[in-house]
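Undergrad: Dumping the structure here so I can ask a few things about it.
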Ligand SMILES: Nc1ncnc2c1ncn2[C@@H]1O[C@H](COP(=O)(O)OP(=O)(O)OP(=O)(O)O)[C@@H](O)[C@H]1O
Ligand SMILES: O=P(O)(O)OC[C@H]1O[C@H](OP(=O)(O)OP(=O)(O)O)[C@H](O)[C@@H]1O
């Protein structure tokens with residue numbers, strides 16, 4: 001059996017992932033030229049590398065079309081409902097840190113916690129004639145956090161595919177749920193994170209698609225151990 005590992009195809013996530021595999025004794029080279037989306041691992045003939053975008057990697061892991069992948073925990077948890085049944089988070093890799101957060105306009109002086117926001121949501125229709133609107137591309141994480149964890153039911157999700165932080169100023173939503181690392185985009189848009197508004201501390205992970213065939217494959221365990229030893 002050939003084991004496929006999907007790695008980020010660009011940016012810092014790619015560089016950081018390649019560095020970890022190098023330290024793990026699994027040096028990766030592109031098949032063909034540098035722009036190739038296939039790679040190999042020197043000395044590991046039954047392993048192949050597929051370079052994909054971080055969101056594609058999470059999808060392929062969830063569908064079981066690759067064996068391993070390096071991607072953000074946020075993308076895995078957003079993409080699939082019972083994600084731990086589909087995949088195993090084998091290792092947190094220490095890069096790609098970003099938090100999925102609930103942020104509201106700074107001028108909402110009385111709103112600092114999810115409980116405060118619950119009060120706002122409950123009054124919103126009476127005051128404004130519509131539900132509180134949340135801009136996000138993380139609709140699953142938002143629903144779980146608002147409805148299941150905080151019992152807030154009165155809101156509407158406005159799907160955002162980019163520039164989410166601009167939604168409150170442009171009037172397309174009242175608040176946002178988005179990823180932040182340095183916080184500078186939130187500050188530039190006069191938004192503040194609620195005190196208990198961190199939905200997920202995400203980072204890049206080595207993720208394994210759960211497949212029965214992996215039990216008999218020594219190479220599967222060898223990959224996990226090599227990467228863990230490199231951390
Ligand atoms: N500052 C940040 N902004 C956005 N994502 C970040 C940041 N820091 C870490 N990440 C992580 O990077 C991953 C997303 O990477 P990337 O934007 O390359 O993915 P993608 O959506 O597949 O790419 P593309 O936008 O080209 O389709 C997520 O897991 C996210 O948590
Ligand atoms: O807290 P900060 O360091 O300011 O980072 C946060 C920004 O980074 C992300 O955008 P990015 O363009 O990287 O990714 P996206 O287009 O996938 O949202 C995110 O959506 C924020 O806009």
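Undergrad: Measure nothing but the geometry: give the 0 to 90° angle between the long axis through the Cα atoms of 54-63 and the longest principal axis through the Cα atoms of the chain, rounded to 10°.
TA: With rounding to tens, the tilt is 70 degrees.
Undergrad: Name the residues of the stretch 23-56 whose amide N is less than 11 Å from a point 7 angstrom out from the Cα of residue 159 along the C-beta direction?
TA: It comes to no residues whatsoever.
Undergrad: Want the number for residue 110 to residue 201: 0.36 nm per residue separation, take away the alpha-carbon distance, what's left?
TA: Details: separation 91, 0.36 × 91 = 32.76 nm, distance 2.54 nm.
So the chain would gain 30.2 nm between residue 110 and residue 201.
Undergrad: Which percent of the Cα-Cα distances in the chain go past 25 Å? Working shown, then result.
TA: Values: 12392 of 26565 pairs.
So the portion of pairs separated by more than 25 Å is 47 percent.
Undergrad: While we're on this one: Can you tell me the orientation of helix 11-23 relative to the chain, as the angle in degrees between its alpha-carbon axis and the longest Cα principal axis, to the nearest 10?
TA: 40 degrees
Undergrad: For the chain, take the longest principal axis of its alpha carbons; what is the angle in degrees between that and the long axis of helix 218-229, to the nearest 10 within 0 to 90?
TA: Taking Cα atoms only, the helix is inclined about 60 degrees.
Undergrad: Label-point separation (nm) for residue 10 and residue 131, each offset 7 Å from Cα along Cα-to-Cβ?
TA: For residue 10 paired with residue 131, the spin-label model returns 3.5 nm.
Undergrad: Among 208, 38, 127, which one moves the most in a GNM of the chain with springs linking Cα atoms closer than 10 Å?
TA: Top of the fluctuation ranking is 127.
Undergrad: To continue, here is another question. Give me the mean projected area, in nm² to one decimal, of the convex hull enclosing the Cα positions of the stretch 14-77.
TA: Averaged projected hull area, Cα only: 4.5 nm².
Undergrad: If you don't mind, there's one more thing I want to ask. Can you figure out the FRET efficiency of residue 33 with residue 222, using R₀ = 30 Å and their beta-carbon distance, to the nearest 0.05? If you can, show how the numbers build up before the last one.
TA: Working: r = 29 Å, r/R0 = 0.95.
Approximately 0.55, to the nearest 0.05.
Undergrad: With a 10 Å radius around each residue's Cβ, average the other Cβ atoms per peptide and rank 154-161, 57-64, highest first. Mind dumping the intermediate values first?
TA: Numbers: 154-161: 15.1, 57-64: 20.2.
Answer by packing, highest mean first, reads 57-64, 154-161.
Undergrad: Based solely on its DSSP helices, what 222 nm [θ] is calculated for the chain when runs of n ≥ 4 H residues each add -39,500 (n - 2.57) and the sum is averaged over all residues, nearest 500 deg cm²/dmol? Don't skip to the end; give the middle numbers.
TA: Details: 9 runs with 75 residues, N = 231.
One gets -9000 deg cm²/dmol as the mean residue ellipticity at 222 nm.
Undergrad: Still on this structure, I have one more. Could you line up 213, 53 from fewest to most neighbouring Cβ atoms inside 10 Å? Don't skip to the answer; put the middle values down first.
TA: On the way: 213 10, 53 16.
By the 10 Å Cβ count, ascending, the order reads 213, 53.
Rule-based calculations on the coordinates, nothing more; no lab input. Just so you know, these numbers come straight off a predicted model, no measurement behind them. Every residue, glycine among them, receives a Cβ derived from its backbone with ideal geometry; neighbour counts consider all protein chains shown.
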